[in-house]
1. Could you grab me the full set of residues in the range 23-54 that are surrounded by fewer than 17 Cβ atoms within 10 Å (Cβ to Cβ), part of a loop (DSSP other than H, G, I, E, B) and more than 20 Å from the chain's Cα centre (by Cα)?
2. Which condition from (1) in contact with a strand residue (DSSP E or B) (Cβ under 9 Å, 6 or more places away or on another chain); (2) at pLDDT 85 or above; (3) within 30 Å of residue 113 (Cα to Cα) is the one that residue 28 breaks?
3. Which number in (1) within 16 Å of residue 102 (Cβ to Cβ); (2) modelled with pLDDT under 90; (3) surrounded by 16 or more Cβ atoms within 10 Å (Cβ to Cβ); (4) not basic (Lys, Arg) marks the one condition that residue 60 misses?
4. With (1) among the basic types (Lys, Arg); (2) in a loop (DSSP other than H, G, I, E, B); (3) modelled with pLDDT of 90 or more as the list, and residue 79 as the residue in question, which single condition is left unmet?
5. Have a look at 92, 70 and point out the one that is at pLDDT 70 or above, closer than 20 Å to residue 28 by Cα and in a helix (DSSP H, G or I).
6. Any idea how many residues of the range 47-74 are out of contact with any Lys or Arg (no Cβ under 8 Å at 6 or more places or on another chain) and over 13 Å from residue 35 (Cβ atoms)?
Amino acid sequence: MFRTREKRDWAPPRPEEPPSKSSPINATRFRRITTMCAVSLLKPIRRTLSRVLLLSSTICVKHGTYVDLSEAATMAFIREHTSIPVPKVYCSFTYNGTAYIVMQRIKGHKLAIGWSERFRAVESSYIGAVEIYGRRNANPTATTR
């Protein structure tokens, strides 16, 4: 007699993320095979917590399921159209859901090292800017430092 409303809390499962629309770069059969062999041989020897495996002093491979070919396309685009120093991408491809980006190794400091100190410096400058902004708005005729 009485119709009760059905609960509409159920939602269909979310689809998986679509695969990258970026195309592989220089992904010849030879390069794919040598890259995967190098990674499988060197990964147990050169233990690392990151997704970047150093193959030599000038070449490294970023690999993993969370690595995307759009990273390689972005680096190639930035290198070609700007003067920002980014690694040269030699090869990029996916195999069985794992992406591989073979690129030039650029010497320098890792971003993670000293991150907390850099964060504190940025945070303090941000807080200083907010204080100056607050003083201006509290008293528009006041001058700042």
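The values are calculated or read from the model by the stated rules, or taken from the named source; none is laboratory data. On a predicted model such as this, the values are computed, not experimentally measured, just so you know. Backbone-built Cβ (ideal geometry, glycine too); neighbour counts: all protein chains shown.
1. Passing the criteria: 26, 28, 43, 44, 45, 46, 47.
2. (3)
3. The one condition residue 60 does not meet is (2).
4. It fails just one condition, (2).
5. The match here is 70.
6. Of the residues in the range 47-74, 9 are out of contact with any Lys or Arg (no Cβ under 8 Å at 6 or more places or on another chain) and over 13 Å from residue 35 (Cβ atoms).
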